[in-house]
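Below is one structure, written out as structure tokens; the observations come after it.
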Amino acid sequence: MTRDESKLLYAATHEWAAIEGESGDRVATIGISGFAIEQLNDLVYMDLPEVGRSVAPGEEFGEVESVKAVSPMYSPVAGEVLEVHSELPDQLEKLNDDPINFGWMIKVRLSSDEGIDQLMDHEAYQKQCAESQ
Amino acid sequence: MSNQLAQSPLDRWHREAGARMVPFAGYDMPLQYSSIVAEHEACRTRAALFDVSHMGRIRFDGEGSEQLLDHLLTRRVSGMPVGAVRYALICNSDGGVLDDVLVSHLETPSGQRYHLMVVNASNHKKILSWVTAQLDDFPKVTVSDRTQLTAMIAVQGPLAMAAIGRLFRFDPTRLQYYRATITDQFSKPVILSRTGYTGEDGVELIVRAEDAPRVWENVMLAGREHGFVAAGLGARDTLRMEAAMPLYGHELDEIIDPLTAGLRFACTLKDRAFIGDSALREIDRSGPAKKRIGLLPEGKRPARQGCEVLDVNGDSIGVVTSGGPSPTLGKPIAMAFVSAHHADDSEFKIDIRGKTVRAMPTPLPFYQRPST
């Protein structure tokens, strides 16, 4: 199944979230946007969390490092890390081509709705990116 | 929104080429045009053009110039023949480094001789006032800041010299390493200097600001079939790091003396008087307390400036001054100051933001161009 970027939710800090499932058993798949990856450029390192770690909205769940700088990545949602895309840090070059399918980083089982109302839809996020250029 | 940022005479070219511009030492300069790694590799394998107009260019004219420079610098300027270029430090009286500079002795076509000093952009104003404060003792010396009136372009890489050979009246391949001359490019005056900051062969050009776009374009055209690219500050930093060249604010500052920084070769201490000389002689006698070393952190995660260096037992013995991925080696590299009695340890550790990685020492530089 291919994700549709226009259906994703976005944090102001450039993470995207795809929330699936029924209420009570919802899972958010999380990554960072193509815009952020292009801005970072020349990625060299990525640190992802362990399965089982709990995250809160705005809490750092990992970091991504380019030739020039280190950038923290923040969880857009609250919950527990269910799955980690552990092959991704060894294939960072593929992140450029497909940030929202191959480029998923973690899956989080939601513990509440906390943080979700802070997220933007695709249109609002694109507007933010255009303004920051 | 360029809030008082100065612009390079090549600003328009950079923007049209799609460069990502960043504020640097009061200038709006290109960080990269495409990818830092691609620009780095182009410089190592072909050649790259760098706009380094933000660097300060200060001219010394008149009787006593050599004596003034001798008073300011860790190496002798008097007796330098016309055409010579010298790397030296400007120190405070404690031996701390105010800046690292290049001084050239030049002669205009009309026979007028002068000295030109190229200083770091971040230290430009500080050095100008430092120099001006000494002028009372050297009343016949005129110091003029040439930075705004000129542009500076570095052309660096293994194919640089061959490709630009016919662009100037004076064939640059006849210029030896660390030599400079005044020539012209289609009647536009050019200071041509066989120097650089990448570890590659090449030249640095100083031209009039109004001529800069034409000269830049002409070098680009001459290099087109050789695959020349424009490169930004990002690649300039990774290139100089591989070549283990110090950068002010990293390996050098007002607390670090040149001997500790591993720049003994740039200090002539015998039979000389200059600002900081007695402090440096004392450090030379007792030996520096710290030493600059090269490290190869294990894994892919780069250690950056400020990361703590530990000995094998986990005790703090130093700090990383510059670090990042090395595109040429394909792994992270780091330079660090460690206490002198640990400088020859066979293994180190680095604390990278809370995670400790092993790091093996390696001789500097990390990269040396193949000898030709």
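The values are calculated or read from the model by the stated rules, or taken from the named source; none is laboratory data. Here the structure is a predicted model, which means the values were calculated and not measured. Cβ placement follows ideal geometry from the backbone for every residue including glycine, while neighbour counts extend to all protein chains displayed.
Things to note:
- Verdict on A:D98 being closer than 29 Å to B:R20 by Cα, at pLDDT below 95 and either within 12 Å of the chain's Cα centre (by Cα) or within 14 Å of another protein chain (Cβ to nearest Cβ) (or both): no
- Count - residues of the range A:5-18 that are in contact with a strand residue (DSSP E or B) (Cβ under 9 Å, 6 or more places away or on another chain) and modelled with pLDDT under 95: 2
- A:V84, sole failed condition from (1) away from chain B (no Cβ under 14 Å); (2) under 25 Å from A:S6 (Cβ atoms); (3) of a type outside the set (G, A, S): (2)
- Among the helices (runs of 4 or more DSSP H) confined to the range B:7-99, the ones with at least 3 residues that are more than 26 Å from B:V207 (Cβ to Cβ), over 19 Å from the mean Cα position of the chain (by Cα) and touching a residue at least 24 places away in the same chain (Cβ under 8 Å) are located at B:36-45, B:65-72.
- All of B:A244, B:A231, B:A279, B:A303 fail the test of being of a type outside the set (K, R) and surrounded by fewer than 19 Cβ atoms within 10 Å (Cβ to Cβ), apart from B:A279.
- Of the set (1) among the basic types (K, R); (2) touching a residue at least 60 places away in the same chain (Cβ under 8 Å); (3) part of a loop (DSSP other than H, G, I, E, B), all apply to B:R236 but (3).
- Single condition B:E254 does not satisfy, out of (1) within 20 Å of the chain's Cα centre (by Cα); (2) buried (at least 17 other Cβ atoms within 10 Å of the Cβ); (3) of a type in the set (D, E): (2)
- Condition check for B:A6: surrounded by fewer than 19 Cβ atoms within 10 Å (Cβ to Cβ), away from chain A (no Cβ under 14 Å), farther than 24 Å from B:N218 by Cβ and of a type outside the set (V, I, T): yes
- Residue that is farthest from the other protein chains (Cβ to nearest Cβ), among those in the range B:335-371 that are surrounded by fewer than 12 Cβ atoms within 10 Å (Cβ to Cβ) and either touching a helix residue (DSSP H, G or I) at 6+ places or on another chain (Cβ under 9 Å) or touching a residue at least 40 places away in the same chain (Cβ under 8 Å) (or both): B:P363
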